[in-house]
Amino acid sequence: QVQLVESGGGLVQPGGSLRLSCAASGFTFWSYAMSWYRQAPGKERELVSTITSIGGRTNYAASVKGRFTISRDNAKNTVYLQMNSLKPEDTAVYYCNVVSLGYWGQGTQVTVSS
């Protein structure tokens, strides 16, 4: 069965960096596009970034463009989100998602605060 396990979140000061990981299993990881979403309390879940299955085409929300980088390692069945120059408004639970299957991980908390 499909499993997605996010990790790498934590507390970081504004301007700091974190790298999130999503370990995937239970499906042919290499054949699916993957996305990162985030959700703050009381807010709708929003798309942060997507990477395609082949070729590594990426897209980003305007709010994170130039600061975040999505990548994947198909040999390790893992998708990453490198987050630099973090801002307080980046505070949220971050989730990975299998684009065409609609599966979600449990999320990892990112808190950006002084």
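What the table shows:
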item	result
Accessible-area value, residue 25, 1.4 Å probe, nucleic acids and ligands omitted, Å²	50
For residue 76, solvent-accessible area (1.4 Å; no DNA, RNA or ligand), Å²	130
Dipole magnitude of segment 7-114, debye to nearest 20 (Cβ charges: Lys/Arg +1, Asp/Glu -1, about Cα centre)	160
The chain: relative contact order as a whole-number percent, Cα under 8 Å and 6+ apart	37
Förster radius 35 Å - calculated FRET efficiency between residue 114 and residue 5, Cβ distance, rounded to 0.05	0.75
Compactness index (Cα Rg / 2.2 N^0.38 Å), segment 1-58	1.32
The chain, accessible area per residue, ligands and nucleic acids excluded (1.4 Å, Å²)	52
Area projected by the alpha carbon convex hull of the chain, averaged over all directions, nm²	6.6
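The values are calculated or read from the model by the stated rules, or taken from the named source; none is laboratory data. Keep in mind it's a predicted model, so treat the numbers as computed, not measured. Note: ideal-geometry Cβ built from the backbone for every residue, glycine included; neighbour counts use all protein chains shown. The accessibility values were calculated without ligands, DNA or RNA, using every heavy atom of the protein model including side chains. Shrake-Rupley method; radii C 1.70, N 1.55, O 1.52, S 1.80 Å.
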